[in-house]
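What follows is one structure encoded as structure tokens, with my remarks underneath.
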Amino acid sequence: MADTTARPTTYEVLRQHGIGRREFLKFCTATAAAMGLQATMVPRVVRALESQPRIPVMWLHGLECTCCSESFIRSAHPIAQDIVFNMISLDYDDTLQAAAGHQAEEIRTNMIRDYPGEYILAVEGNAPTKDGGVYCTIGGQSFLDMLLESAEHARFIIAWGSCASNGCVQAAYPNPTGAKPVRKLVFDKPVINVPGCPPISEVMTGLITYILTFGRLPELDRMNRPKAFYGQRVHDKCYRRAHFDAGQFVESWDDEAAKKGWCLYKMGCRGPTTYNACSSMMWNDGVSFPIGSGHGCIGCSEQGFWDNDSFYERVTGIPVPGIESTPDKIGKVAAGVAAAGAVAHGVSYAVKQAMGKDDAGAEDEPQG
């Protein structure tokens, strides 16, 4: 077990870079705001960054396109530079690190030896399992073996993006390499899924900041996704939601409705069935997100999204409201609903009366 006192805290690293106390407190305030914390939690962030040693992080890359890393380095709150250089100790990342070849792999081996049970394993991409995992080999070792070896000694695992969380395009039918996400390969360690293709940069940095500040994992949903970022559907906060509720839809990409920014649901938008923070946090420091750019959500943070028949076919089973109904039609519907409610109430009352009689009869029966 490595001596954690030998690793500097975030505050110590910032001081080494010439950052004064005032700037440090501003940094803590911005960090708390990035995590959506109340102002009363800022002192706790300060204490954590003053006293906790930086967390060693090992970042592996399997079958993927590096879009998660591209997203991560574009975070604005907090900026990735502060995360990488000040808040964590990113000791191994074969995309960002300067070392290469045998020297790079030696760093990973040393992390396993020096920080067992302490380091965070961040995984970008998934692992091929057919033919011994030969389809993704690094330094003569299959990524599958590298993943399992690194996961065995990790504190917990973060699965960055849909490749690592759900499989994504590599695991799409017919999945020739037998690609599998982390959760289907590692079973004895907590795996936090952060899906998206790629995930939002502030979601990635926010998760790391939370772990560093509180020393624990955030609340997760049943898919092991952080609830703070995956607790609502894209549809719930979409600025086009009002058009959906009003029954105003784009029918073709070049129609007048598309020019007016009406709802893209009929064009295949998966916003009503996709859980992510895209419509509330957006991308590139809150500039926009796919729907804001005129393209429907493809549901990239949900399982099996790549195997959808088409990204441009309407999702079935979701009732579509309309605005063309006349007052007479609306009155008939309202009357029907009221009548149905009256019938249901009558049935409920009769059942309760019958149950009451049965209970009374049961009390009159001799016991024993």
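The values are calculated or read from the model by the stated rules, or taken from the named source; none is laboratory data. Note that the coordinates shown come from a computational prediction; the quantities given were computed from them, not determined experimentally. Here Cβ is always computed from backbone atoms with ideal geometry, including for glycine, and neighbour counts include all displayed protein chains.
Counting just the residues of region 195-215 that are among the aliphatic types (A, V, I, L, M) and over 18 Å from I298 (Cβ atoms), which one comes out surrounded by the most Cβ atoms within 10 Å (Cβ to Cβ)? Filtering first and then ranking leaves M204. Residues that are touching a residue at least 60 places away in the same chain (Cβ under 8 Å) and not β-branched (V, I, T) were ranked within region 172-188; the one that is nearest to M111 (Cα to Cα) is A179. Can we say L264 is under 27 Å from F27 (Cα atoms) and either in contact with a strand residue (DSSP E or B) (Cβ under 7 Å, 6 or more places away or on another chain) or at pLDDT 95 or above (or both)? Against the criterion (under 27 Å from F27 (Cα atoms) and either in contact with a strand residue (DSSP E or B) (Cβ under 7 Å, 6 or more places away or on another chain) or at pLDDT 95 or above (or both)), L264 does not qualify.
So how many residues does region 290-318 have that are hydrophobic (A, V, I, L, M, F, W, C), part of a loop (DSSP other than H, G, I, E, B) and under 18 Å from V169 (Cβ atoms)?
Of the residues in region 290-318, 4 are hydrophobic (A, V, I, L, M, F, W, C), part of a loop (DSSP other than H, G, I, E, B) and under 18 Å from V169 (Cβ atoms).
Number of residues in region 96-108 that are among the polar types (S, T, N, Q) and surrounded by 14 or more Cβ atoms within 10 Å (Cβ to Cβ) equals 1. Applying a threshold of 6 Å to beta carbon distances and a minimum spacing of six or more residues, or different chains, the list of pairs starting in region 263-276 at a residue that is at positive phi and ending at one that is in a loop (DSSP other than H, G, I, E, B) and surrounded by fewer than 24 Cβ atoms within 10 Å (Cβ to Cβ) reads G268/G296; G268/F311; G268/Y312; G268/E313.
Each row is one residue, and each column tells you yes or no for (1) crowded, with 17+ Cβ neighbours inside 10 Å; (2) touching a Pro at 6+ places or on another chain (Cβ under 9 Å); (3) under 24 Å from Y115 (Cα atoms).
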| position | (1), (2), (3) |
| --- | --- |
| I138 | no, no, yes |
| S142 | yes, yes, yes |
| M146 | yes, no, yes |
| H153 | yes, yes, yes |
| G161 | yes, yes, no |
| S165 | yes, yes, no |
| Y173 | no, no, no |
| T177 | yes, yes, no |
| V182 | yes, no, yes |
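Of all residues in region 228-279, those being closer than 30 Å to I211 by Cα, surrounded by fewer than 18 Cβ atoms within 10 Å (Cβ to Cβ) and over 15 Å from the mean Cα position of the chain (by Cα) number 2.
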